[in-house]
Amino acid sequence: MHKRVNVTLPEETIRLIDRSANHGNRSRFIDEAVKYFVREHGRTELRRLLEEGAERRGARDLAIAEEWFPVDKDAWRKRRR
């Protein structure tokens, strides 16, 4: 379902839309542009949060890995036999 909205944009933005969109397809162009922006913004934000978490918990995760490495190594050795 489509819904009509009234949006005010700067003239320069309208010119950009008109240069990029097929004639008579402003609505479709704006719809696709908004969806693209939201999708990319979401990915960027998720990437930022993952990097932030990795930096904040990196030392802890390394310590855990180092602590459990001998146990894992022993388990793999027994499994190969």
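When residue 79 is tested against the conditions (1) out of contact with any helix residue (DSSP H, G or I) (no Cβ under 6 Å at 6 or more places or on another chain); (2) part of a helix (DSSP H, G or I); (3) modelled with pLDDT of 90 or more, the lone failure is (3). Screening residue 3 on (1) without any contact (Cβ under 8 Å) to a residue 12 or more places away in the chain; (2) part of a helix (DSSP H, G or I) shows it passes everything except condition (2).
Residues in region 12-33 that are outside any helix (DSSP H, G or I) and under 26 Å from the mean Cα position of the chain (by Cα): 1 in all. Taking region 28-74 as the range and being small (Gly, Ala, Ser) and exposed (fewer than 10 other Cβ atoms within 10 Å of the Cβ) as the test, only 59 passes. Only a single item in (1) surrounded by 10 or more Cβ atoms within 10 Å (Cβ to Cβ); (2) assigned to a helix (DSSP H, G or I) is not met by residue 9, and it is number (2).
Among residues of region 40-57 that are assigned to a helix (DSSP H, G or I), those with a beta-carbon under 9 Å from a residue that is surrounded by 10 or more Cβ atoms within 10 Å (Cβ to Cβ) at least six positions away or on a different chain give the pairs 54/61.
The values are calculated or read from the model by the stated rules, or taken from the named source; none is laboratory data. Just so it is clear, the model here is predicted, and its values are computed rather than measured. Cβ coordinates were reconstructed from backbone atoms using ideal geometry, including for glycine residues, and neighbour counts include every protein chain displayed.
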